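What follows is a single structure, written as structure tokens, with notes after it.
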Amino acid sequence: MLEVDKTTFEAEVLQAEGYVLVDFFGDGCVPCQALMPHVHAMGDTYGDKIKFTCLNTTKARRLAIGQKIMGLPVIAIYKDGEKVEELVKDDATKEAVEAMVKKYYEMV
């Protein structure tokens with residue numbers, strides 16, 4: 001899992017070709033911390049076709065707001081720089097994230 005920040009987000013996510021998953025998390029976000037190991041494990045499983053990244057929104061607030069990230073956790077899928085789907089807060093369960101990842105994985 002590649003950790004991106006406000007200086008690398010554009011190149012690694014918005015200018016990337018294909019599918020990129022972004023795990024938006026924040027310092028002190030307990031649900032984010034609970035979900036993160038599962039997302040990292042999915043990166044090991046599905047990372048051959050989908051690029052897995054994470055962004056600490058605590059250190060990149062303006063960037064997060066620009067991506068319309070208003071609550072955490074958020075797991076978003078981008079394709080060729082455009083956000084195509086996201087799971088927010090209570091919808092961002094381990095099972096829901098894996099189902100979303102599998103859907104795009106099978107499209108590649």
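The values are calculated or read from the model by the stated rules, or taken from the named source; none is laboratory data. Please read these numbers as outputs of a predicted model, since none were measured by experiment. So basically every Cβ, Gly included, is an ideal-geometry build from the backbone, and we count neighbours across all protein chains shown. Note: areas computed on protein heavy atoms with side chains; ligands, DNA, RNA excluded. Shrake-Rupley method; radii C 1.70, N 1.55, O 1.52, S 1.80 Å.
I'd like the carbon and sulfur percentage of the solvent accessible area for the stretch 1-104, probe radius 1.4 Å, heavy atoms only, ligands and nucleic acids excluded.
Working: 2760 of 5600 Å².
Whole-percent figure for carbon plus sulfur exposure: 49.
In straight-distance terms, cross-link reach from residue 102 covers every one of the lysines whose alpha-carbon lies under 23 Å from its own, apart from those fewer than eight places away in the same chain; here that gives 49, 51, 79, 83, 89, 94.
Working from Cα pairs under 8 Å separated by at least six residues, relative contact order for the chain is 35 percent. Look at the Cα gyration tensor of the chain: its axes a ≥ b ≥ c give a/c of at least 1.5 with a/b at or below b/c, and that counts as oblate. Note that the chain presents 55 Å² accessible area per residue, ligands and nucleic acids not counted, probe 1.4 Å.
Please go through the stretch 1-106 and write out the GluC sites (Glu not before Pro) that DSSP classes as loop and that have at most 16 other C-beta atoms within 10 Å.
Working: sites: 3, 10, 12, 17, 82, 85, 86, 95, 98, 106; in loops: 17.
Passing sites in the stretch 1-106 are 17.
For the stretch 42-53, putting each phi into the Karplus relation 6.51 cos²θ - 1.76 cosθ + 1.60 with θ = phi - 60° gives couplings of 5, x, 5, 7, 10, x, 6, 10, 10, 7, 9, 9 Hz, in residue order, rounded to whole numbers and with x for Gly and Pro.
Phi-derived couplings, Karplus 6.51 cos²θ - 1.76 cosθ + 1.60 at θ = phi - 60°, listed residue by residue for the stretch 29-40: 8, 5, x, 4, 5, 5, 7, 3, x, 5, 5, 4 Hz, with x used for Gly and Pro. Within the shell defined by Cβ-Cβ distances under 11 Å, the residues around residue 53 carry a net charge of -3, with Lys and Arg each +1 and Asp and Glu each -1. Dividing the summed -39500 (n - 2.57) terms of all DSSP H runs of n ≥ 4 by the residue count of the chain sets its mean residue ellipticity at 222 nm at -10500 deg cm²/dmol.
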